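Notes to accompany the following structure.
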Amino acid sequence: MTAQRKQYLLIAGGVAALVVIAAIASLLLFDINTFKSDIESAAFDETGLEVRIKGKMGLNFFPFGVSAQDIHIANKGGEIISLEKLRLGVELMPLLKKQVKATSCELVKPLIIIMKDAEGRYNFESADKKSTNWGRKAAVNLNEFKLSKGVLVYLDRKTGEKTDLKDLNLSIKDISIGNVPGVTIKNVSFTGNMDCKEIRKKDLEIDNVKSSITAEKGVFHLNPLTMDIFGAKGEGDATLDKSETDTLYKINVKISKLDFEKFGQSFGIKKVIGGKGNLVAAMTMKEKGGRKLMSSLDGTVSLRGDNLVIYTMDLDKVLSKYETSQEFNLVDLGAFFIAGPLSTFAVRGYRAGDLYNQTRGGEGAIIHFNSNWKIKNGVADAADCALATRHNRVALKGRLDLVRERYDNVIVALLDDKGCAKFKQSISGSFLKPQISALGATESLAGPFSHLYRKVKRFVQGGKCEVIYSGSVQQPPQ
């Protein structure tokens, strides 16, 4: 290398050093807090939402970016989001030109409140539709987005349902929002991970939810998905598909060794059955116009368990008494016990707390239990639903119309060893006001329908019978 070339390189290096020193000096002297009102105004112009930065703003150098504290976002007077801190990674050179080009974003301890009113409008929707301007100018790309220690509250004003997510963490990468008119969910793609310590919805408790998450062209996948639910470990996957006009939900889950007592508690049923079992479900459902369509519900759901305890009655004594006196109703047992994962629908008209009083207490056992349902267009068909005590077997057949909330020719039978009905009863009509086929007044376990129940007739006559059940639950030894 010639001396002249070395001199040129030294000069160039010196000039570059001076430029860097000047840039650092200008940044050190630069007070980004003077732009608070401009940033808040620009955010409102873009989204129609009120943005207030109550804390300090500052510059970070490793990595380079800006930060802000105590941020609040509201719409129509109601707060939607509050943040303890926002960290935004940006490129240096555009910032010197008073332009912001983000490379990463982190939300620290956000509180997000989503509400849907009685008309189906969300609290983040802007009346003047300014939010539809997002994404018209340029595509958005982020290397990384993080959300840490977040809280999400969802409230449906029409139904009164509330869902709480606590200690929510999200880390996604390679975020891309397409350059098309209007930022819709179909334009977003990313990959990452999420976890949530607690999810609460009425009596349902789900803990330690973890999953990988991907999004592309309006389809979001959670796979593999794990959680703690019903006192057991659950695993599976879930999909949210918004690529078409109607939103499609898919879920596949397997819960091994679930606690029957906690499973019942999640539906508001207190300490009726105890023991362990397995739940397997594969379901799909569509949503249109913000309303979930029960008529689109398809799939299968199965709940199995062995050696369960019944805290409220000795079922063998109750069933042996039934053979001589018919002082209770088989449909009570079928709707409450055998319906299994669908019992929350089947017993809607029953007072679960009356079971203990009506059966006068005691404790019993269910040796084998199976509740297997196939669902098509919102109608659940009992594919294999039965239970066996030490000395008796009871089965349920028929359908539950979840759309119209009605029993469709549901039959509950006390079986002999051939699967024929020694006694049977059928139930029809609405879940709230079911009608029981019978021939005389009896006392009901459930209480409110005692005036509707009737004695049943002996079904097996002359050695001939109709096989009611031929499923997996075997007749116990007599």
From the residues in region 152-191 that are among the acidic types (Asp, Glu) and open to solvent by less than 40 Å² (accessible area, probe 1.4 Å), which one is modelled with the lowest pLDDT? Asp156
Could you go through region 253-261 and let me know if any residue there is surrounded by fewer than 14 Cβ atoms within 10 Å (Cβ to Cβ), of a type in the set (Gly, Ala, Ser) and at pLDDT 90 or above. yes
What number goes with the only condition from (1) under 20 Å from Leu308 (Cβ atoms); (2) open to solvent by 30 Å² or more (accessible area, probe 1.4 Å); (3) more than 17 Å from the chain's Cα centre (by Cα); (4) of a type outside the set (Val, Ile, Thr) that Glu216 does not pass? (1)
Can you name the condition, by its number, that Ala282 falls short on among (1) under 30 Å from Thr312 (Cβ atoms); (2) at pLDDT 90 or above? (1)
Log entry, pairs with first residue in region 306-318 being more than 14 Å from Val394 (Cα to Cα) and among the polar types (S, T, N, Q), second being surrounded by 15 or more Cβ atoms within 10 Å (Cβ to Cβ) and at pLDDT below 85, beta carbons closer than 9 Å, six or more apart or on different chains, reads Thr312/Val272; Thr312/Leu355; Thr312/Tyr356; Thr312/Thr359; Thr312/Gly362
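Quick check on Thr239: is it loosely packed, with under 15 Cβ neighbours inside 10 Å and over 24 Å from Val394 (Cβ atoms)?
Details: loosely packed, with under 15 Cβ neighbours inside 10 Å: no; over 24 Å from Val394 (Cβ atoms): yes.
For Thr239, the condition - loosely packed, with under 15 Cβ neighbours inside 10 Å and over 24 Å from Val394 (Cβ atoms) - is not met.
For region 396-478, please list each of the strands (runs of 3 or more DSSP E) lying entirely inside it that holds at least 1 residues being modelled with pLDDT under 80. Even if it seems obvious, please write down each step before you answer.
Details: elements: 406-415, 421-430, 434-436.
Filter on region 396-478 gives 434-436.
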Residue pairs qualifying under the 8 Å Cβ cut-off, at least six apart or on distinct chains, with the first in region 196-214 being in contact (Cβ under 8 Å) with a residue 24 or more places away in the chain and the second being open to solvent by less than 60 Å² (accessible area, probe 1.4 Å) and outside any strand (DSSP E or B), are Lys202/Gly268; Asp203/Ser266; Asp203/Gly268; Leu204/Ser266; Glu205/Ser266
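The values are calculated or read from the model by the stated rules, or taken from the named source; none is laboratory data. From a predicted model like this one, the values you see are computed outputs, not experimental measurements. Cβ atoms come from the backbone with ideal geometry, glycine included; neighbour counts cover every protein chain shown. Each accessible area value is taken on the protein alone, full model and side chains, heavy atoms only, with ligands, DNA and RNA left out. Shrake-Rupley method; radii C 1.70, N 1.55, O 1.52, S 1.80 Å.
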